[in-house]
Amino acid sequence: MELLIAKNSGFCFGVEKAVKTALQTLDENKHNVFSLGPIIHNEQVINLLESKGLKIINDIKDIDRGKVIIRSHGIPLNVYSYAKNTGIELIDCTCPFVRNVQKKANEFFNNGYTVVIIGNPNHPEVIGINGWCNNQAVIVNSKDDINKVPIIDKLCIVSQTTMTLEKFQKLSNLVQRKGKIAKIFNTICNATSLRQESTKKIAKEVEAMIVIGGYHSSNTRKLAEISKKYCGNVYHIETINDLPINKLKNFKKIGITAGASTPDWIIKDVVNNLKDISSKE
Ligand code: F3S
């Protein structure tokens, strides 16, 4: 059995940093370590962090002391001042790519621009960016939202980092007509597209694909969808326990990919298990 592992599978740079920092903080502090929202959409990782003492809160105002890990999605600006005033220590794992968007939104907002964020209004990253322009950004997620953008002198358009390029181009083209001056910043991070591209490449070459990641993780489900376009036998699994071993034994060439929230140890478990089966053939 030959195994091909997609080049850009598993944690992206920002998520890896957040999980490592959380583990390190929990090793050094047994009590009063919190995260503002779940650090990652992966049940196994969350269980591990919680077993080490991490508590998830949804609002910084739920606590009045302790250390709070800020996940890669970032937070609104006013959370920093709340923490400073109350003495809560923030361990900031905002991804540098997200920080770049926050700074752009803040700078242009302060210079009198109306900020438009192309993204999902319910996503924590978008809520966070909006908080860097006094919650006055216009959020555009579909053609229908274009009407919400006022006709105005100065517009600044940014995107959620995980937006697809196609959608960003389509919507920003429509939005820019509303401003006399429109500054457009493509702030998409390429980690997502690289992962999808490498999955596509492998899926074309193999008889079966294993896609590892949370059943509720939207980026993992997207990888499964892409795989199905190019490969007839796709298995989306969360952990080694879900491996359909009897079916996989029939294939000579198997591809493996993993979502952005799938830790290395789960990927290694799956690979080693398949190697074991292969060596016993
Ligand atoms: Fe950062 Fe891109 Fe990951 S913005 S958190 S490296 S998807």
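If the limit is 19 Å between Cα atoms, which of K143/K170; K143/K222; K201/K228; K7/K170 go over it? Pairs exceeding 19 Å: K143/K222; K7/K170. Once the C-beta distance of F185 and I277 is scaled by a Förster radius of 35 Å, the resulting FRET efficiency is 0.15 to the nearest 0.05.
Run the numbers for S51 and E107: contour at 0.36 nm per residue of separation, minus the present Cα-Cα distance, in nm.
Fully extending the segment from S51 to E107 adds 16.1 nm.
Per residue, the chain exposes an accessible area of 51 Å² to a 1.4 Å probe, with every protein chain left in place. Straight Cα distances below 25 angstrom link K52 to the lysines K17, K20, K30, K61, K67, K268, with same-chain residues fewer than 8 positions distant left out.
To check you understand DSSP bridge types, tell me what percent of the beta bridges within the chain (both residues inside) are antiparallel, rounded to 5. Can you show the working numbers first?
Working: 0 of 36 bridges.
Taking every DSSP beta bridge with both residues in the chain, the antiparallel ones total about 0 percent.
Computed in the context of the full set of protein chains, the accessible area of the range 13-94 at 1.4 Å probe radius has 49% of its extent on carbon or sulfur. The mean sequence distance of close C-alpha pairs (under 8 Å, at least 6 residues apart), as a share of the length of the range 124-257, puts its relative contact order at 20 percent. With a Förster radius of 22 Å applied to the C-beta separation of K268 and E207, the computed FRET efficiency comes to 0.50. Helix 165-176 axis versus longest C-alpha principal axis of the chain: approximately 10°, rounded to the nearest ten.
Note on the range 97-188: Rg/Rh from C-alpha atoms, Kirkwood Rh, equals 0.91. Take every pair of alpha-carbon atoms less than 8 Å apart whose residues are at least six positions apart; their mean separation over the length of the chain yields a relative contact order of 21 percent.
Remark: relative contact order (the range 13-94) = 34 percent; criterion is Cα-Cα distance under 8 angstrom and separation of 6 or more residues. Shape verdict for the chain, please, from the Cα gyration tensor: rounded (a/c under 1.5), prolate (a/b greater than b/c) or oblate. Cα axes put the chain in the oblate bin. Applying the criteria of a DSSP loop state and at most 13 other Cβ atoms within 10 Å to the trypsin sites (Lys or Arg not before Pro) of the range 110-204 yields R177. From the alpha carbon centroid of the range 217-241 to that of the range 85-117 is 34 Å.
Between the beta carbons of I152 and D92, assuming R0 = 35 Å, the FRET efficiency works out to 0.60 to the nearest 0.05. Computed over the range 1-133, the percent of Cα pairs more than 16 Å apart is 66.
The values are calculated or read from the model by the stated rules, or taken from the named source; none is laboratory data. These numbers were taken from a predicted model, which means no experiment stands behind them. Every residue, glycine as well, gets a Cβ built from its backbone with ideal geometry; the counts of neighbours run over all protein chains shown. Just so you know, the surface numbers come from the protein's heavy atoms only, side chains and all, with ligands and any DNA or RNA stripped out. Shrake-Rupley method; radii C 1.70, N 1.55, O 1.52, S 1.80 Å.
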